[in-house]
Amino acid sequence: MAGSKLLTIANSVLGQFDPSLLQNDSYILRLEVADNGGDISYVENGTLVKLKCL
């Protein structure tokens with residue numbers, strides 16, 4: 001992409017997952033990245049959301 005900048009992130013937080021907006025269930029979180037050559041990589045992690053009602 002013209003005008004895009006490269007950013008290296010190491011040992012840092014990329015984002016936060018707030019399960020309070022989801023129903024209790026199992027979910028798959030997926031992080032997907034693409035390089036300037038169009039190569040795409042991803043990693044998936046399953047998680048269970050189980051919130052207690054107060």
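The values are calculated or read from the model by the stated rules, or taken from the named source; none is laboratory data. Since the model is a prediction, treat every value here as computed from it, not as a measurement. Note that each Cβ is placed from the backbone with ideal geometry, even for glycine, and that neighbours are counted across all protein chains shown. Side chains included, ligands, DNA and RNA excluded: accessible areas come from the protein's heavy atoms. Shrake-Rupley method; radii C 1.70, N 1.55, O 1.52, S 1.80 Å.
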Six or more apart or on different chains, Cβ under 7 Å: which pairs go from a residue in segment 30-48 that's more than 14 Å from Leu6 (Cβ to Cβ) to one that's part of a strand (DSSP E or B) and among the polar types (S, T, N, Q)? Could you list them?
-> Gly46/Ser26; Leu48/Ser26
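Looking at Leu14, Leu51, can you tell me which residue is surrounded by 10 or more Cβ atoms within 10 Å (Cβ to Cβ), in a loop (DSSP other than H, G, I, E, B) and at pLDDT below 90? Even if it seems obvious, please write down each step before you answer.
Values: Leu14 fails: surrounded by 10 or more Cβ atoms within 10 Å (Cβ to Cβ).
After applying the criteria, what remains is Leu51.
Filter segment 21-38 for residues that are assigned to a loop (DSSP other than H, G, I, E, B) and open to solvent by 100 Å² or more (accessible area, probe 1.4 Å); which is farthest from Thr8 (Cα to Cα)?
Taking segment 21-38 and keeping what is assigned to a loop (DSSP other than H, G, I, E, B), we get 22-24, 35-38.
From what is left, the residues that are open to solvent by 100 Å² or more (accessible area, probe 1.4 Å) are 23, 36.
Working: Gln23: 34, Asn36: 13 Å.
Out of the qualifying residues, it is Gln23.
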